[in-house]
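A.B. asks: Before I ask anything, here is the structure I am working with.
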Amino acid sequence: MATTGTVVGIISNLVVVKVNGPVSQNEICYINHRAVKLMAEVIRIGSENAYIQVFESTRGLKTGTPVEFTGHMLEAILGPGILSKNFDGLQHDLDKMEGVFLQKGDYTHPLEVDKDWRFKPLAKVGDEVEAGSWLGEVTENWIAHKIMVPFTFEGEFKVKKIVAAGDYKIEDTIAVLEDEEGNEHKVSMIQKWPVKVPIKTYKNKPRPAKFLETGIRVIDSFTPIVEGGTGFIPGPFGTGKTVLQHALSKQADADMIIVAACGERANEVVEIFAEFPELDDPRTGRKLMERTTIIANTSNMPVAAREASVYTAMTIAEYYRSMGLKILLLADSTSRWAQALREMSNRMEELPGPDAFPMDLPAIISNFYSRAGFVHLNNGETGSVTFIGTVSPAGGNLKEPVTEATKKAARCFYALSQNRADSKRYPAIDAVESYSKYLEYPEYIDYVSKAISPNWVDNILDARNILVRGRETYEQINILGDDGVPVEYHEIFWKSEVIDFVILQQDAFDKIDASTPINRQQYMLEKVLNINNTPFSFEHFEEVNPYFKRIINVLKQMNYSEFESEQFKKFEKELEEILNEKAVVITEQP
């Protein structure tokens, strides 16, 4: 018999329910409010009372209202039809809802139950299978969507029946499995999984080391991320987080993109819905939305809904990873998710941590980031979930608790700089303040040494040191004046500016410069490092600025030219002539 209860206390979206039976942590329940069922989740259990967070507005709710408990956790419905959809944090299909505003209790099915899918069996009668094994596939847009043994199944099973190739609906039985005790289990194309529990139907999860190409030079060349890696982008308003996310979505080497807008302002969410469907996919020549799923909750939605969106997005990502796909999950912004955790923690009168965030905020963030990763599936295939979150620190303060806690969990730190954004140096990632811990991994160094160049990592470290030296000399020039420092200081600074303008800065709206293949990045990085290693002869500091501006201009023209084209080679030859004007020729002594 299902447990029921009665509302005895209301604190905004936190509702206290007196229960008459057993309930479990994170169990879903429904409040019967004025003929509308409001969905909620258990977040604390007392001796007689359960504390639940409601996913809807509780305005007008009264004590004495009946509550029904379902006996299961918040679950994602997984199956064909997730791609190209717009969901809210509870995976309700927003496109099926009517009206301008979301209505209380307006819950929709995330998938198309009446649609026929062309099923192709991959398993055959007699095969031994387990949770996550591939039974067949259907074509979802252009992705081969695998139909798998439900993740909830435990132990070994034998395929007793499987349907022939043909058209089926997602709720039709496509296979019958027999367990070790001889019991039969019917399997359809859809399954459910609790969003706050990681999907672990894989053989192992090694430390990721395979370079993930994004086409963004400041990321690939200075702060690289790997397949199954984690990173985050903190930055104040107006520093280009949205354009950077669009660039990552279009150009990253991923099979599927999931965008989780967890608590963004309404106008920013509208931008996602309006702009993403219009983005062209350079990999297929079609629309990017065909391999994208959007999960959106605005900042004026209840805190519980904001929290649910990131878990729903990660569960969908893990589901597609189990198909052997490379998934890129972008969350904007995890600060609003953390603020939702803070609001509920305060309402439950828990002991506050720094800035009133929960004491266990670092553990919550770390546990979530750990769900990303590169895995070896049981059938020998590989899959990955690469997670990049954005953080919106108040006032651009990178020392606030959410940024500090995320630093401990994420391996890549992409610090957006207000100064770089104000000076129109985009992407506004500060290459000196940012870092990638993957550069320290022996597995990564070994991989890129074979895949890119034996001295690739050494070149990155050399370029970073040049940027640091350039920043130091710039500060001294500012303090002492142009004529108060040696000419060598001006040369050091402008050599670092060559790296900044040619490698770090990139035009996201230029057809060629928007995405740079890694072989071209390697070529250009070696070219600017050769310039930095070349000694020049200047008689006065006033010669340095115009000379290096000429070098930078030619190099930027090379960035806008097709790689190794006639125009590219023409600018390359012009560069050599400029370098020969001031380069010091060192003759070896006999």
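A.B. asks: Select from ASN533, ALA583, GLY484 the residue farthest towards the positive end of the dipole of the stretch 466-590; place +1 on Cβ of Lys and Arg, -1 on Cβ of Asp and Glu, and compute about the Cα centre.
C.D. replies: Ranked along the dipole, the leading option is ASN533.
A.B. asks: Across the stretch 130-145, in residue order, what do the Karplus-derived ³J(HN,Hα) couplings come to in whole Hz, using 6.51 cos²θ - 1.76 cosθ + 1.60 with θ = phi - 60° and x for Gly and Pro?
C.D. replies: Each residue of the stretch 130-145 in turn: 8, 4, x, 5, 7, 8, x, 8, 10, 8, 10, 6, 10, 9, 7, 7 Hz.
A.B. asks: Test of the criteria: in the stretch 169-227, which GluC sites (Glu not before Pro) are in a DSSP loop and have at most 11 other Cβ atoms within 10 angstrom of their Cβ?
C.D. replies: Values: sites: GLU171, GLU178, GLU180, GLU181, GLU184, GLU213, GLU227; in loops: GLU171, GLU180, GLU181, GLU213, GLU227.
Answer in residue order: GLU180, GLU181.
A.B. asks: Averaged over all directions, how much area does the convex hull of the C-alpha atoms of the stretch 1-120 cover when projected, in nm²?
C.D. replies: Details: hull surface 37.7 nm².
Average projection, Cα convex hull of the stretch 1-120: 9.4 nm².
A.B. asks: Still on this model: In the stretch 516-580, which GluC sites (Glu not before Pro) are in a loop and have at most 15 other Cβ atoms within 10 Å, using DSSP for the loop call?
C.D. replies: Sparse-neighbourhood loop GluC sites (Glu not before Pro): GLU539, GLU562, GLU564.
A.B. asks: Over the stretch 199-242, calculate the relative contact order: mean separation of alpha carbon pairs under 8 Å at least 6 apart, over the residue count, as a percent. Present the calculation step by step, with values, prior to reporting the outcome.
C.D. replies: Details: 24 pairs, mean separation 13.2, N = 44.
Rounded, it is 30 percent for the stretch 199-242.
A.B. asks: Also: Given the C-alpha atoms of the stretch 250-312, compute the convex hull and give its volume per residue in Å³. It would help to have the intermediate numbers written out before the result.
C.D. replies: Numbers: hull volume 4.6 nm³, N = 63.
Spelled out: Cα convex hull of the stretch 250-312, divided by residues, is 74 Å³.
A.B. asks: Treating only the Cβ atoms of Lys and Arg (+1) and Asp and Glu (-1) as charged, compute the dipole magnitude of the chain about its Cα centre; round to the nearest 20 debye. Before the final figure, lay out each step's value.
C.D. replies: Numbers: 64 positive and 85 negative charges, 259 e Å.
Its charge dipole is roughly 1240 debye.
A.B. asks: Ordered by residue, what ³J(HN,Hα) values in Hz, to whole numbers, does the stretch 39-50 give under the Karplus form 6.51 cos²θ - 1.76 cosθ + 1.60, where θ = phi - 60° and Gly and Pro are x?
C.D. replies: Going residue by residue, I get 7, 8, 9, 6, 10, 7, 10, x, 5, 10, 10, 10 Hz, with x marking Gly and Pro.
A.B. asks: Hey, could you get me the Stokes-Einstein D for the stretch 121-236, Kirkwood radius over alpha-carbon pairs, 4 °C and 1.567 mPa s, rounded to whole µm² s⁻¹? Working shown, then result.
C.D. replies: On the way: Rh = 17.1 Å.
After rounding, the answer is 76 µm²/s.
A.B. asks: Count charges around GLY60 for me, please; just the other residues with Cβ under 12 Å from its Cβ, Lys/Arg as +1, Asp/Glu as -1.
C.D. replies: Numbers: positive: ARG34, ARG59, LYS62, LYS104; negative: GLU56.
Net of charged neighbours comes to +3.
A.B. asks: Semi-axes of the equivalent ellipsoid for the stretch 528-582, please: Cα gyration tensor eigenvalues, times 5, square-rooted, ordered largest first, whole Å. Spell out each step's value before the answer.
C.D. replies: Working: eigenvalues 104, 23, 17 Å².
Its equivalent ellipsoid spans semi-axes of 23, 11, 9 Å.
A.B. asks: Which whole-Hz couplings ³J(HN,Hα) result when phi for each residue of the stretch 329-342 is put into the Karplus expression 6.51 cos²θ - 1.76 cosθ + 1.60, θ = phi - 60°, listed in order with x for Gly and Pro?
C.D. replies: Running phi through 6.51 cos²θ - 1.76 cosθ + 1.60 with θ = phi - 60° gives 10, 10, 10, 9, 10, 5, 5, 5, 5, 5, 5, 5, 4, 5 Hz.
A.B. asks: Continuing with this model, one more query. From the C-alpha coordinates alone, can you work out the Kirkwood hydrodynamic radius of the stretch 351-459, in Å?
C.D. replies: On the way: mean 1/r = 0.0600 Å⁻¹.
This gives a value of 16.7 Å.
A.B. asks: For a quick check of your reading of the filter: which chymotrypsin sites (Phe, Trp or Tyr not before Pro) in the stretch 60-161 sit in a DSSP loop and have no more than 10 other Cβ atoms within 10 Å? Before the final figure, lay out each step's value.
C.D. replies: Values: sites: PHE69, PHE87, PHE101, TYR107, TRP117, PHE119, TRP134, TRP142, PHE151, PHE153, PHE157; in loops: PHE101, TYR107, TRP142, PHE151, PHE153.
Here the sparse-neighbourhood loop sites are PHE101.
A.B. asks: If you split all Cα-Cα distances of the chain into 10 Å bins from zero, what percentages do you get per bin, shortest first?
C.D. replies: 3, 15, 23, 23, 17, 10, 5, 3, 1, 0
A.B. asks: Next up: Can I get the semi-axes of the stretch 171-315's equivalent ellipsoid? Compute them from the C-alpha gyration tensor as square roots of 5 times the eigenvalues, in angstrom, largest first.
C.D. replies: Equivalent ellipsoid of the stretch 171-315: 33, 21, 17 Å, largest first.
A.B. asks: Beyond 22 Å, what percent of the Cα pairs of the stretch 444-554 remain? Please list the in-between numbers first.
C.D. replies: On the way: 2431 of 6105 pairs.
For the stretch 444-554, the fraction of Cα-Cα distances above 22 Å is 40 percent.
A.B. asks: Using only the alpha carbons, work out the radius of gyration and Dmax of the stretch 56-145 in angstrom.
C.D. replies: 18.6, 57
A.B. asks: Dividing the alpha-carbon Rg of the stretch 42-101 by 2.2 N^0.38 Å yields what?
C.D. replies: Working: Rg = 15.6 Å, N = 60, 2.2 N^0.38 = 10.4 Å.
Against the empirical 2.2 N^0.38 Å value, I get 1.50 for the stretch 42-101.
A.B. asks: Sum up the charges of everything whose Cβ sits under 11 Å from the Cβ of PRO234, counting Lys and Arg as +1 and Asp and Glu as -1, but leave PRO234 out.
C.D. replies: Working: positive: LYS241, LYS399, LYS407; negative: GLU400, GLU404, ASP430, GLU433.
Here the charged neighbours net out to -1.
A.B. asks: Mean residue ellipticity at 222 nm from the helices of the chain, using -39,500 (n - 2.57) per DSSP H segment of n ≥ 4 over the full residue count, to the nearest 500 deg cm²/dmol? Spell out each step's value before the answer.
C.D. replies: On the way: 13 runs with 173 residues, N = 590.
Calculated mean residue ellipticity at 222 nm is -9500 deg cm²/dmol.
A.B. asks: Using only Cα atoms, what is the ratio of the radius of gyration of the stretch 296-353 to 2.2 N^0.38 Å? Spell out each step's value before the answer.
C.D. replies: Values: Rg = 14.0 Å, N = 58, 2.2 N^0.38 = 10.3 Å.
This ratio for the stretch 296-353 stands at 1.36.
A.B. asks: Taking Cα pairs under 8 Å and at least six residues apart, what relative contact order does the chain come out at, in percent? Kindly include the intermediate steps, with their values, before the conclusion.
C.D. replies: Values: 1225 pairs, mean separation 72.2, N = 590.
Rounded, it is 12 percent for the chain.
A.B. asks: Same structure, new question: About the Cα centre of the stretch 431-590, what is the dipole size in debye to 20, counting +1 per Lys and Arg Cβ and -1 per Asp and Glu Cβ, all else neutral?
C.D. replies: Details: 16 positive and 30 negative charges, 85 e Å.
So the magnitude is around 400 debye.
A.B. asks: Given H placed 1.01 Å from N in the peptide plane, which residues other than close sequence neighbours of SER434 have an amide H under 5 Å from its amide H?
C.D. replies: Distant-sequence amide H within range of SER434: ALA415.
A.B. asks: Taking only C-alpha pairs under 8 Å that are 6+ residues apart, what is the relative contact order of the stretch 422-536 in percent?
C.D. replies: On the way: 74 pairs, mean separation 32.3, N = 115.
It rounds to 28 percent for the stretch 422-536.
A.B. asks: Additional query: In vacuo Debye scattering of the stretch 411-507, one point per C-alpha: log10 I(q)/I(0) at q = 0.24 Å⁻¹?
C.D. replies: Normalising to I(0) and taking log10 leaves -1.27.
A.B. asks: Place +1 on the Cβ of every Lys and Arg and -1 on the Cβ of every Asp and Glu in the stretch 402-500, take the dipole about the Cα centre, and give the residue among ALA405, PHE493, ALA451 whose Cα lies farthest towards its positive end.
C.D. replies: Positive-end residue among those listed: ALA405.
A.B. asks: Which links in LYS495/LYS582; LYS205/LYS250; LYS124/LYS186; LYS104/LYS196; LYS96/LYS146 stretch past 18 Å when you go from one Cα to the other?
C.D. replies: Details: LYS495/LYS582 14 Å; LYS205/LYS250 27 Å; LYS124/LYS186 15 Å; LYS104/LYS196 24 Å; LYS96/LYS146 25 Å.
Distance filter (> 18 Å) returns LYS205/LYS250; LYS104/LYS196; LYS96/LYS146.
A.B. asks: Compute the signed sum of charges (Lys and Arg +1, Asp and Glu -1) over the other residues within less than 13 Å, Cβ to Cβ, of SER561.
C.D. replies: Numbers: positive: LYS511, ARG520, LYS556, LYS569, LYS570, LYS573; negative: ASP507, ASP510, ASP513, GLU562, GLU564, GLU566, GLU572, GLU574.
With Lys, Arg at +1 and Asp, Glu at -1, the neighbours total -2.
A.B. asks: So, one more: Got a sec? Which residues in the stretch 178-193 would a label at ASP172 touch, if it sits 7 Å along Cα→Cβ and we count backbone N under 16 Å?
C.D. replies: Answer for the stretch 178-193: 187-190.
A.B. asks: Here is a further query. Would you calculate the volume per residue, in Å³, of the smallest convex hull containing every Cα atom of the stretch 203-272? If you can, show how the numbers build up before the last one.
C.D. replies: Numbers: hull volume 8.9 nm³, N = 70.
Enclosed volume per residue, from the Cα hull, is 127 Å³.
A.B. asks: Pull up all non-local amide H partners of LEU325: gap of 5 or more, or a different chain, and H-to-H distance under 5 Å with H placed in the peptide plane.
C.D. replies: SER384
A.B. asks: Calculate the all-directions average of the projected area of the stretch 115-166's alpha-carbon convex hull, and give it in nm². Don't jump to the answer; show the numbers that get you there.
C.D. replies: Working: hull surface 15.5 nm².
Result: 3.9 nm².
A.B. asks: Between the stretch 369-420 and the stretch 427-497, what is the C-alpha centre distance in whole Å?
C.D. replies: 23 Å
A.B. asks: Could you please state how large a percent of the accessible area of the chain is carbon and sulfur, counting protein chains only and using a 1.4 Å probe?
C.D. replies: 49 percent
A.B. asks: Then there's this: How many percent of Cα pairs in the stretch 493-590 exceed 19 Å?
C.D. replies: Values: 2028 of 4753 pairs.
Looking at the stretch 493-590, the distances longer than 19 Å represent 43 percent of pairs.
A.B. asks: Set Lys and Arg Cβ to +1 and Asp and Glu Cβ to -1, take the dipole of the chain about its Cα centre, and tell me which of PHE568, ALA340, ILE551 lies farthest positive.
C.D. replies: The residue sitting farthest along the positive end of the dipole is ALA340.
A.B. asks: How big is the charge dipole of the stretch 20-123 about its Cα centre, in debye rounded to the nearest 20, if each Lys and Arg gets +1 on its Cβ and each Asp and Glu gets -1 on its Cβ? Please report the intermediate quantities before stating the final value.
C.D. replies: Working: 11 positive and 14 negative charges, 19 e Å.
Rounded to the nearest 20 debye, it is 100 debye.
A.B. asks: Do you know the Lys pair count in the stretch 376-473 for C-alpha distances under 21 Å, with sequence separation 8 or more or different chains? All intermediate terms of the calculation are to be shown ahead of the outcome.
C.D. replies: Numbers: LYS399/LYS407; LYS399/LYS408; LYS399/LYS437; LYS407/LYS437; LYS408/LYS437; LYS437/LYS450.
Here the count comes out as 6.
A.B. asks: Accessible area per residue of the chain at 1.4 Å probe, in Å²? Could you put the intermediate results ahead of the total?
C.D. replies: Working: 25910 Å² over 590 residues.
Per residue, the chain has 44 Å² of solvent-accessible surface.
The values are calculated or read from the model by the stated rules, or taken from the named source; none is laboratory data. Keep in mind it's a predicted model, so treat the numbers as computed, not measured. Heads up, the Cβs are rebuilt from the backbone with ideal geometry, glycines too, and the neighbour counts pull from every protein chain shown. Just so you know, the surface numbers come from the protein's heavy atoms only, side chains and all, with ligands and any DNA or RNA stripped out. Shrake-Rupley method; radii C 1.70, N 1.55, O 1.52, S 1.80 Å.
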